[in-house]
1. What's the total number of residues in the range 76-110 that are modelled with pLDDT under 95 and among the β-branched types (Val, Ile, Thr)?
2. Can you say whether Asp26 is of a type in the set (Asp, Glu) and crowded, with 18+ Cβ neighbours inside 10 Å, as far as the supplied structure shows?
3. Could you tell me how many of the residues in the range 25-46 are of a type in the set (S, T, N, Q) and in a strand (DSSP E or B)?
Amino acid sequence: MSKTRILIADDEEGVRESLNLILGEDYELVFAKDGEEALAALGRETFALVLLDIKMPKRDGLELLRWIKGHGLSTPVLMLTAYQSVELAKEAVRLGAVDYLPKPFDRDHLLRTVRGILASQ
């Protein structure tokens, strides 16, 4: 049985590594280190969930969220944000993200959130 595919876009290598350790056993993960890589992945593949960092080079998470929603993709988007960007994360939810997680994130909270989003699809 194939694993559920998740796109993770974050410019911090440590965050990508942490997410791989937490989610990699249960899900097929595709990583993007900036907004352009994420956009390219979204253009060629389908995902059950997208995790987007708000602050990234080339294209930020809010711009990508607008692109996803503007192109009619029903893929749920979970925003990742540093603590000081909580207002931006709330804006992302208004734009259509299902939720946001502040960094650094708690492993169990992340797993519960991801599982909950995927179960509701």
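1. 3
2. On the way: of a type in the set (Asp, Glu): yes; crowded, with 18+ Cβ neighbours inside 10 Å: no.
Against the criterion (of a type in the set (Asp, Glu) and crowded, with 18+ Cβ neighbours inside 10 Å), Asp26 does not qualify.
3. Narrowing the range 25-46 to residues of a type in the set (S, T, N, Q): 46.
Restricting the remaining residues to those that are in a strand (DSSP E or B) gives none.
The total comes to 0.
A quick yes/no check of all residues on (1) at positive phi; (2) touching a Leu at 6+ places or on another chain (Cβ under 9 Å); (3) free of Cβ contacts under 8 Å to residues at least 60 places away in the same chain; (4) aliphatic (A, V, I, L, M):
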position: Pro57; (1), (2), (3), (4): no, no, yes, no
position: Gly61; (1), (2), (3), (4): no, yes, yes, no
position: Val77; (1), (2), (3), (4): no, yes, yes, yes
position: Thr81; (1), (2), (3), (4): no, yes, yes, no
position: Lys90; (1), (2), (3), (4): no, no, yes, no
position: Val98; (1), (2), (3), (4): no, yes, yes, yes
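The values are calculated or read from the model by the stated rules, or taken from the named source; none is laboratory data. In this text, all values refer to a predicted model and were calculated from it rather than measured experimentally. Please note: Cβ atoms are built from the backbone with ideal geometry, for glycine as well, and neighbour counts cover all protein chains shown.
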